[in-house]
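Have a look at the structure below before the remarks.
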Amino acid sequence: MGSRGTPVKMTNAVCKSYNKSWVAVHYCRLKAYSRNKTSLNINATFIETAHRISLHMKMMKKASGYKPFLFVYTFDACEFMRRRNLPFAKIIWNLIKDGVSTINHTCPFMGLQMLSDFHLIEVPSLPTGEYFLLLDYSLQRM
């Protein structure tokens, strides 16, 4: 990504299912490769078929606690996977699209969904500091 990006070190990942009859999270872990490189691994099963997925993204920056920074954004994830036309969602998508995953398709989502060995080296145009990215989703049948 060039030398103008901000180096990234992931320090924590938490994945929860608030409805275990719909989504079972098998694991959500960071794996340390070196002092400055970690990768994220997520493995979950969609027990019920999800035809509509709403995704809420919030980026926070640490400054006397975490404060909203850059964006708070809710969008239709199924629509985004069809058209890829939402600027803030596209920023996140461009970071994960080349990783090993099963999420690179349109809805519906069913069965095993995974992201393996996802790592960031740099993020362009981001001020130095500690950040927290929160992704909440809600699933609907039809």
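The values are calculated or read from the model by the stated rules, or taken from the named source; none is laboratory data. All of these numbers come straight from a predicted model, not from anything done at the bench. Here the Cβ positions follow ideal geometry from the backbone for every residue, glycine too, while neighbour counts run over all protein chains shown.
Quick notes
- Failed item, numbered, when residue 93 is tested on (1) farther than 18 Å from residue 16 by Cα; (2) in contact with a helix residue (DSSP H, G or I) (Cβ under 9 Å, 6 or more places away or on another chain); (3) in contact (Cβ under 8 Å) with a residue 60 or more places away in the chain; (4) not polar (S, T, N, Q): (3)
- Listed conditions (1) over 16 Å from the mean Cα position of the chain (by Cα); (2) of a type outside the set (Lys, Arg); (3) under 20 Å from residue 16 (Cα atoms); (4) assigned to a loop (DSSP other than H, G, I, E, B) are all met by residue 127, apart from (3).
- The condition (being touching a residue at least 40 places away in the same chain (Cβ under 8 Å), small (Gly, Ala, Ser) and under 21 Å from residue 128 (Cβ atoms)) is satisfied by just one residue among 63, 50, 44: 63.
- Filtering segment 52-70 to residues that are crowded, with 16+ Cβ neighbours inside 10 Å and of a type in the set (Phe, Trp, Tyr) leaves only 69.
Here's the yes/no breakdown for (1) farther than 18 Å from residue 14 by Cα; (2) in contact with a Lys or Arg (Cβ under 6 Å, 6 or more places away or on another chain); (3) buried (at least 16 other Cβ atoms within 10 Å of the Cβ); (4) not hydrophobic (A, V, I, L, M, F, W, C):
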{"residue": "72", "(1), (2), (3), (4)": "yes, yes, no, no"}
{"residue": "79", "(1), (2), (3), (4)": "yes, no, yes, yes"}
{"residue": "85", "(1), (2), (3), (4)": "yes, no, no, yes"}
{"residue": "97", "(1), (2), (3), (4)": "yes, no, no, yes"}
{"residue": "103", "(1), (2), (3), (4)": "yes, no, no, no"}
{"residue": "107", "(1), (2), (3), (4)": "yes, no, yes, no"}
{"residue": "120", "(1), (2), (3), (4)": "no, no, yes, no"}
{"residue": "128", "(1), (2), (3), (4)": "yes, no, no, yes"}
{"residue": "134", "(1), (2), (3), (4)": "no, yes, no, no"}
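- Residue list for segment 5-34, restricted to those being in a loop (DSSP other than H, G, I, E, B) and either more than 27 Å from residue 108 (Cβ to Cβ) or among the aliphatic types (A, V, I, L, M) (or both): 8, 9, 10, 11, 12, 13, 14
- From the list 45, 106, the one residue that fits, being touching a helix residue (DSSP H, G or I) at 6+ places or on another chain (Cβ under 7 Å), at pLDDT 90 or above and either among the β-branched types (Val, Ile, Thr) or within 18 Å of residue 122 (Cβ to Cβ) (or both), is 106.
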